[in-house]
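What follows is a single structure, written as C-alpha cells, with notes after it.
The values are calculated or read from the model by the stated rules, or taken from the named source; none is laboratory data. Keep in mind the model is a prediction, meaning the values are calculated, not measured. Counting neighbours? That spans all protein chains shown, and the Cβs are built from the backbone with ideal geometry, glycine included. Note: accessible area is taken over every heavy atom of the protein model, side chains too, but ligands, DNA and RNA are not part of it. Shrake-Rupley method; radii C 1.70, N 1.55, O 1.52, S 1.80 Å.
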Amino acid sequence: MVLISGSGSNLQAIIDAVREGRIDADIRAVVSNRQAFGLARAAQAGVPAELLQAARGEARGDYDRRLLELTERYRPDLLVLAGFMRILSAGFVEHYAGRMLNIHPSLLPAYKGLDTHARALADGCTRHGATVHFVTAELDSGPALIQGIVNVAPLDTVETLSARVQRAEHIIYPQALEWFAAGRARCTADRLLFDGEPLSEPKRMLIDA
Ligand code: GRF
C-alpha cells in the first residue's frame, strides 16, 4: 500500500516494477492526503485510489486514527511512504513498526527535514542523494536500507539536482521493495537485518543519472 501527497513519480516507478515482475507483490491501494496527480496514476494502473484529506483544524491524532482505519481495511503487509507530506503520530508509527518504509531526498543522517537540495548546495556538497529507511517515531531517523548517491555538478541548481536525485529514487525504491517482498530486508526492534545478518550501514548505489 502506497501513501502519497504529490505527483507520484516514485509510485509510478513502483507500479512499473510490479508490472514488470521485479517486485513480488501487489499494490492494494494508494492513499493521498491531497488531490494529487498520483491518484490518477493509481487509477490508470487499476489500483484503488483513496483521497483522505484532513479537515480544517483536525488534530493530528484524529486524522491518523481515520488513516489507520482506512489503511487497515486493505490489510497491508507494508506501508510505502512515497512523498507523503504529513508527519505521522507515534501510535500510527508503532502500529506499523517494521512494516513502513519512507524515501527521503538526502543521504541520511545528513539533511533531515525539508529543503534538502538547497541545503546540500549551500554547503558545497559534492555528493547528495536519497535514502530508503524504515520509519520509526523520530523523523527521518529509522534504520536506512539503501542509499542512491549522485554527484553534484558545479553548475547544479535546486531544480537540476532534485531531478537527478529523483532519478536515483526511482531506482532505489523499487530495489528496496524487491528486497522486502522477497523477505531479504527485515526490521525488528529498530534493528535491520539483511539476509538474516545485521546491516550496520545502508546498501549504497552510485547512480550516474
Ligand atoms: C520525493 O522526492 C521524495 O524524496 C520526497 O517527496 C518526493 C515525492 O515525489 N519525500 P513523487 O511524488 O514521488 O514524484
*Net charge near ILE103: determine it from the other residues with C-beta under 11 Å of the C-beta of ILE103, scoring Lys and Arg +1 and Asp and Glu -1.*
-2
*Divide the volume of the convex hull of the Cα atoms of the range 97-152 by its number of residues and quote the answer in cubic angstrom per residue.*
61 Å³
*Sort all Cα-Cα distances of the range 1-104 into consecutive 5 angstrom bins from zero, then give the percent of pairs in each bin up to the one containing the longest distance.*
2, 13, 25, 27, 20, 10, 3, 1, 0
*Would you compute, from DSSP H runs of 4+ residues alone, the mean residue ellipticity of the chain at 222 nm, taking -39500 (n - 2.57) per run and dividing by the full residue count, rounded to the nearest 500?*
-10500 deg cm²/dmol
*With unit charges on the beta carbon (Lys/Arg positive, Asp/Glu negative), name the residue among SER106, MET1, LEU121 whose Cα is farthest towards the positive pole of the charge dipole of the chain.*
MET1
_Probe radius 1.4 Å, ligands and nucleic acids ignored: give me the carbon and sulfur share of the accessible area of the chain as a rounded percent._
51 percent
*Dividing the convex hull volume of the Cα atoms of the range 157-209 by its residue count, what figure in Å³ per residue is obtained?*
99 Å³
*Starting from the Cα coordinates of the chain, work out the convex hull volume and express it per residue in Å³.*
120 Å³
*Counting alpha carbon pairs within less than 8 Å and at least 6 residues apart, what relative contact order, in whole percent, applies to the chain?*
19 percent
*Over the residues of the range 1-51, compute the C-alpha Rg and express it relative to 2.2 N^0.38 Å.*
1.01
*P(r) histogram, all alpha-carbon pairs of the range 110-209 included - 10 Å bins from 0, percent*: 16, 44, 30, 10, 0
_Surrounding net charge for PHE180, when Lys and Arg each add one and Asp and Glu each subtract one, Cβ distance under 13 Å_ = +1
_Can you compute the label reach from ARG65? Point 7 Å from Cα along the Cβ direction, backbone N cut-off under 15 Å, restricted to the range 74-110._
89-92
_Long-range Cα-Cα pairs in the range 27-83 (distance over 18 Å), rounded percent_ = 34 percent
_Rounded accessible area per residue of the chain, 1.4 Å, Å²_ = 49 Å²
